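Read the figures in this text as sums done on the coordinates, not as results from a lab. On a predicted model such as this, the values are computed, not experimentally measured, just so you know. As a convention, Cβ positions derive from the backbone with ideal geometry for all residues, glycine included, and neighbour counts pool all protein chains shown.
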Amino acid sequence: MMNNNYFSNRDLKIYNTPLEIGLRVLIILHELKNDSIDMNRLIIYDYFVTHANDFDENIESIHPPIPHRSGEIIIKRKVIQDGINLMYSRELLDIKYTAKGIYYVANELTSAFLEYIESEYASEISKYSNLVISKFSSYSDDELNDYVNENLSKWGSEFTRESLVRGWFSD
């Protein structure tokens, strides 16, 4: 067997890691064109970037419509914070401390770094980020939170109803 110095036996995972989400955060920040964003809006934007069909049924989502996916909005805070911390540690984004809270913004290195990312997934994240920003940037924080709270129970619940029907008729 050939010895490969670049192969590792470690169980490498990329999905839903600080690296993957940190890269999505960078793309979202880049598409905001120097506007800053707080953590709550960033969590919601990240959710909508990957599940765009939840706010517009005419758009196919990048990620599959898994059951109970709306829970991502609730549980992703830590991994998004870890992704931000990773990107900040590499000086790929800036943090602004204001009287209203902590905000994140792209910097010069964000754009330079993203120029090296060439994948269909990154292109889709960029495209969908623009759709989300166009749709929700005019919403106040309260309006955005109200929109999410009004719809949260719908996102992913179609599978719950489907499983109830299947269970009923499978006898």
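Show me 44-50, 18-24 ranked by packing, highest mean number of other Cβ atoms within 10 Å first. Provide the component values of the computation, followed by the final result.
On the way: 44-50: 23.9, 18-24: 20.1.
Ranked from most to least packed, the peptides come out as 44-50, 18-24.
With the crude spin-label approximation of a point 7 Å out along Cα→Cβ, what separation in nm comes out for I102 versus S123?
Calculated label separation equals 3.5 nm.
Compute the distance in nm between two label points, each set 7 Å from the Cα along the Cα-to-Cβ direction, one at N130 and one at I62.
Placing both labels 7 Å beyond Cα along the Cβ direction yields 1.4 nm.
List the lysines whose Cα lies under 22 Å from the Cα of K96, skipping any in the same chain that are fewer than 8 positions away.
Output for K96: K33, K76, K78.
Roughly what would the spin-label model give for E20 and Y88, points 7 Å off Cα along C-beta, in nm?
2.3 nm
May I ask you to list the aspartates and glutamates whose Cα is less than 20 Å away from that of K100, ignoring any residue fewer than eight positions away on the same chain?
D35, D38, D141, D142, E143, D146
Going by Cα centres, the stretch 89-104 and the stretch 115-149 are how many Å apart?
After rounding, the separation between the Cα centres reads 19 Å.
Of the peptides 138-144, 127-133, how do they stack up when ordered by the mean number of other Cβ atoms within 10 Å, highest first?
Most protected by this proxy first, the peptides run 127-133, 138-144.
Could you go through the stretch 16-33 in sequence order and give the Karplus-derived ³J(HN,Hα) for each residue, using 6.51 cos²θ - 1.76 cosθ + 1.60 with θ = phi - 60°, rounded to whole Hz, and x for Gly and Pro?
Karplus values, whole Hz, x for Gly and Pro: 6, 9, x, 5, 4, 5, x, 5, 5, 4, 4, 5, 4, 4, 4, 6, 6, 6.
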